[in-house]
Amino acid sequence: MRGTMPRGAGIEVNQQGHLVVGGVDVVDLAREYGTPLYVLDEGEFRKNCRVFREVFALYGDSQVIYASKTLSCLAVCAMVAQEGLGLDVVSGGELYTALKAGFPPERIFFHGNNKTDEELAMALQAGVGRIVVDNYFEMERLRIACQAAGRRQAVLLRITPGVEAHTHEYVRTGQIDSKFGFTLPTGDALQAVREALAAPELELTGLHCHIGSQIFEMESYAHATEVMADFLAEVHAATGVHLRELNMGGGFGIRYVEGDTPDRPERWANAVMTTLRARLDHLGLPMPKVIVEPGRAIAGPAGITVYTVGSSKHIPGVRRYVAVDGGMTDNPRPALYGSRYEAVIANRMREAADEMVSVAGRCCESGDMLLWDVRLPSPQAGDLLVTFATGAYNYSMSSNYNRIPRPAMVLVGDGRAELIVRRESYEDLIRNDLLPERLKGPCPAESA
Ligand code: LLP
């Protein structure tokens, strides 16, 4: 048995027994670009964009927007634009990246529970398609910003539907006890709709909700959809307005390890679209345009990370720790959420995975572990260890803890590799540091 790895995707093994991604030998990638290295498979990323767009289009008027918090850089935004998707941004930085990549602003949705005045002004100036208003404070700030800019802005309201998806506590957002959105069951949401409709600076086009992330149960989506359909009916009854857009958020789960059982994308489309149509028909209401915003399911499976194995420590009868040249700085998910990954030794793919090891990161922190108890061909210093499904929430959540520079990212496809994010240098690390004149030289007490 080899180390486990996902089947399909652009992943193969060549005659030398090396892992190949997007037609490129991972050993060559490591030699050329160094490690740790993020590798993004262009074919897989684009295919995932298309799959979601196509399955939702089958059911009617729909738009898929990519949640750029998952993985954002110029090349990623450009690919999303080419694939015809919209883009969800949650900060001035994500918006800036999208605009610099030439992303069409009218296809951008701006989310976030505490957008600053500067960010709102920036969004208005850029002409983003929708601002998703999260709370009353923001509604007020946005109205003022619209007045200042002399613009009217199309908005959605973020609604907290009170639906719990079965997933990790930190990534659940639809339940009532959440920092996000206008709460539906308390009547807060209807009040927010009335206020938005009454605001001359705002054009309320619809509603948004997001029930969580890494969701496997399509029933959670169906249930949330019913709740939102009923709310559309309530809005119509109370105000006479048919809202024409419904954004059901993201959250579609992916496979990280054996035992993860993501559903097929068609089933997500079916759960949302069929449920919505049935409910609205029953209520005598028209279908709105449906928007979804997957992130993980597009970028996650398209990414791998390549590390070099270094030191190791064997504690007889306990375990063998094998350390790699990255860790929680490039992938904080295991430390943060207890997330699990599959791994292989990329330069020895045909060898038997006959040793159980735990893979540690290089940070000065015991919690910096990447993998617990994985079977690999006994890792040796210099081997290349690859973790799979790291395209989502790895680079985007990376840090410079311990002043470790962020890895580079390469885009691979059709046997070609291109650098899309340069490796950070030590110089980059001190780019914003300032050394006041008086701190230079010896300590004043000593020099006296
Ligand atoms: N839309 C909204 C409003 C969101 O808050 C999110 C994710 C998405 C869409 C995209 O969700 P996805 O399809 O990627 O599941 N850092 C965590 C995940 C946090 C998700 C935050 N919101 C992790 O590493 O698992």
Task: Residue under evaluation residue 142, criteria (1) more than 11 Å from the ligand (Cβ to nearest atom); (2) at negative phi; (3) assigned to a loop (DSSP other than H, G, I, E, B), criterion not met - done: (3)
TODO: At least 2 residues that are within 15 Å of the ligand (Cβ to nearest atom), out of contact with any strand residue (DSSP E or B) (no Cβ under 7 Å at 6 or more places or on another chain) and over 26 Å from residue 386 (Cβ atoms) in each: list the helices (runs of 4 or more DSSP H) lying fully within region 260-341 that qualify.
DONE: 265-283
Open item on the list: Can you tell me how many residues within region 413-448 are modelled with pLDDT of 95 or more, hydrophobic (A, V, I, L, M, F, W, C) and exposed (fewer than 10 other Cβ atoms within 10 Å of the Cβ)?
Closed with: 3
TODO: Show the residue pairs that are 6+ apart or on different chains and have beta-carbon atoms under 8 Å apart, the first residue being within region 89-113 and closer than 10 Å to residue 72 by Cα and of a type in the set (D, E, K, R), the second being buried (at least 18 other Cβ atoms within 10 Å of the Cβ) and at pLDDT 95 or above.
DONE: 94/68; 94/69; 94/72
- [ ] Answer yes or no: is there a residue in region 32-43 that is surrounded by 21 or more Cβ atoms within 10 Å (Cβ to Cβ) and within 16 Å of the ligand (Cβ to nearest atom).
- [x] yes
Task: Qualifying positions in region 391-436 - small (Gly, Ala, Ser) and within 16 Å of the ligand (Cβ to nearest atom) - done: 391, 392, 396, 398, 399
- [ ] Mind listing just one residue for me: the one in region 99-127 that is of a type in the set (A, V, I, L, M, F, W, C) and within 15 Å of the ligand (Cβ to nearest atom) and, of those, surrounded by the most Cβ atoms within 10 Å (Cβ to Cβ)?
- [x] 110
TODO: Evaluate the following for residue 29: is it buried (at least 24 other Cβ atoms within 10 Å of the Cβ), assigned by TED's automatic domain parsing to the domain that holds residue 424 and not acidic (Asp, Glu)?
DONE: yes
Open item on the list: Restricting to region 44-59, and then to whatever is surrounded by fewer than 19 Cβ atoms within 10 Å (Cβ to Cβ) and of a type outside the set (D, E, K, R), can you tell me which residue is nearest to residue 80 (Cα to Cα)?
Closed with: 51
Task: Criterion violated by residue 159 - all others in (1) crowded, with 21+ Cβ neighbours inside 10 Å; (2) more than 13 Å from the ligand (Cβ to nearest atom); (3) under 29 Å from residue 339 (Cα atoms) satisfied - done: (2)
TODO: With a cut-off of at least 1 residues that are of a type in the set (S, T, N, Q), name the strands (runs of 3 or more DSSP E) lying wholly within region 54-131.
DONE: 62-67
- [ ] Return the pairs, sorted by first residue and then second, in which the second residue is part of a loop (DSSP other than H, G, I, E, B) and crowded, with 16+ Cβ neighbours inside 10 Å, the first residue lies in region 15-36 and is of a type in the set (Gly, Ala, Ser), the beta carbons are less than 6 Å apart, and the residues are 6+ apart or on different chains.
- [x] 17/349; 22/10
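The values are calculated or read from the model by the stated rules, or taken from the named source; none is laboratory data. Remember, predicted model here, so these are calculated numbers, not experimental data. Quick reminder, even Gly has a Cβ in these numbers, built from the backbone with ideal geometry, and neighbours come from all protein chains shown.
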